[in-house]
Amino acid sequence: MEKIFEKPKVCDECNEELGRFFLICKTCRKYICYDCFSSHKMEHDYLPCRTLDEENKASVLDVGHAGYGPDMGDQWPSIDIDTFNSSYHPKCAHAIDYFEKNNITFFCHECKKWLCLECLNDHLAHGLMLHVGFNNANELREIDPNLYNSENQLLLVTKAFETDNNKIKVEFEITNPNNVSLYDLRLMCTWDGLEERDNVEKIDNKYFLCKTLTELEVIPPEKTMKGFYEIPDGVNLHLSSIITLVRFKDVFLGKGRVLKESLINNSK
């Protein structure tokens, strides 16, 4: 599902009409055109966006089939400029000159090709990643929207208990209190003894193995979802608690997470 937002009409820096491609500076909370980008601080946090065919609608350039992104902190993936110049990946005819002049370049993950801004039109259905020069343009920082944290939140309520047939059941209630939809929900849980092939989540500076239970496409604004899950057979019934997690993304592809630990009652 494509995540669409209302596009402003003009650049917040020069007041000129925003073109087909533009940026959101998350640091300044501004929409800026690429002409104004060179005067912006390179270390700011950006989201590359494109205008959709529908008037005044836009979406973030998605890098493709990406997960929620690791917890990178301030460590953004990057490559050095020599690697870019000598890379075995092909480049459009303007890629190197465009980067030297504008301090940005794009990489198409489907075609494995470096692109300038003018050559993006033939790759809009592909996974595209913006690279921004920093460290005196000696390195290219990958601008991956999946590494940003969402400014929205979900509310999660859970109740865990042992059923009459000796299973552990967890009832959950997920509420979206925001005035925008949230997407790509992944319901997960963790307890002692999960097999190591499952996902790893960092909770209170400790790493837990987590099991993905189900995935949901979207939760509309101010809506609540209710449901339950059961812990599979063979799990130690002497567990004292279960941690339920919900991963989600917002319209700008920012990732979010909510979790709740539930003590297991011996009866309903």
**Request:** Beta carbons within 10 angstrom, averaged per residue: use that to sort the peptides 161-171, 16-26, 140-150, highest first.
**Result:** 140-150, 16-26, 161-171
**Message:** What does the net charge come to around D35 if you take all other residues with beta carbon closer than 10 Å to its beta carbon, with K and R at +1 and D and E at -1?
**Reply:** -2
**Prompt:** If Y207, Y34, Y46 are ordered by their accessible area, calculated over protein heavy atoms with a 1.4 Å probe, which sequence runs from highest to lowest?
**Reply:** Y207, Y34, Y46
**Anchor K57: lysines whose Cα lies under 23 Å away (excluding residues fewer than 8 positions away in-chain)** = K3, K7, K9, K26, K30, K249, K255
**Request:** Compute the distance in nm between two label points, each set 7 Å from the Cα along the Cα-to-Cβ direction, one at D122 and one at E230.
**Result:** 5.6
**Message:** Could you compute the net charge surrounding P90? Neighbours are other residues with a C-beta less than 11 Å from the C-beta of P90; K and R count +1, D and E count -1.
**Reply:** +3
**Residues whose placed amide H lies under 5 Å from that of E139, excluding near-sequence neighbours** = I81, F134
**Message:** Leaving ligands and nucleic acids out of the surface, order C33, C28 by accessible area at 1.4 Å, largest first.
**Reply:** C28, C33
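The values are calculated or read from the model by the stated rules, or taken from the named source; none is laboratory data. Note that the structure is a prediction, hence the values are computed from the model and not measured. Using ideal geometry, Cβ is built from the backbone for each residue, glycine included, and neighbour counts are taken over all protein chains shown. Calculation scope for accessible area: heavy atoms of the full protein, side chains included, ligands and nucleic acids excluded. Shrake-Rupley method; radii C 1.70, N 1.55, O 1.52, S 1.80 Å.
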